[in-house]
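Read the structure below first, then the notes.
Just so it is clear, none of the values below were taken in a lab; they were calculated from the coordinates. Please read all numbers here as calculations on a predicted model, not as lab measurements. Note that we place each Cβ from the backbone using ideal geometry, even for glycine, and neighbour counts take in every protein chain shown.
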Amino acid sequence: MCSSDLAEVEVGAWRGAHEDASLAARGSIIREVGVVKLAVLADARLVTGEAPFDALPSLGDDHLMPGLRGGQMRGRARLVAGLDAAHPLLGGGWLRLRLRGGGVREDREPGPARRWVSGLAVDGVWNTPFGPIAVGYGMNTSGRCRTEVELGMTF
């Protein structure tokens with residue numbers, strides 16, 4: 001494994017006005033092929049019980065699916081897999097390509113019970129004294145697209 005490979009598992013349970021539990025797992029494998037950096041990633045999240053709507057996972061959370069804002073396409077279960085590639089640019093930046101595919105089990109939103117989406121994003125990323133700045137465009141097969149400009153760390 002590379003030192004930048006990542007694996008994370010999260011389990012949670014809540015009691016009170018609502019009783020619910022969640023299980024999440026995510027991981028990535030990062031490799032360098034010449035000057036190009038490649039990352040294969042997977043992310044899965046499941047919520048059970050009477051979870052409030054804002055606790056349901058979304059395909060738009062954490063910039064997982066290109067073209068979506070955080071909170072878009074929520075459901076009780078989410079699964080996303082993808083491949084990211086980055087190539088160095090002049091000025092110390094990176095040209096990043098993100099290819100993603102995923103689905104969400106939507107039993108609290110109108111429309112189909114399961115929704116599968118593929119997405120593509122192209123970004124330029126540069127480090128600045130204020131944190132990274134990213135400028136890019138993403139689109140997906142749900143018909144949504146988004147131009148983004150981000151400055152600073154994303155959490």
(message) For region 52-66, give me each residue that is closer than 17 Å to R100 by Cβ and surrounded by 17 or more Cβ atoms within 10 Å (Cβ to Cβ).
(response) P57, S58, L59, G60, D61, H63, L64, M65, P66
(request) May I ask you to list the residues in region 17-51 that are crowded, with 17+ Cβ neighbours inside 10 Å and of a type in the set (K, R)? (result) R26, K37, R45
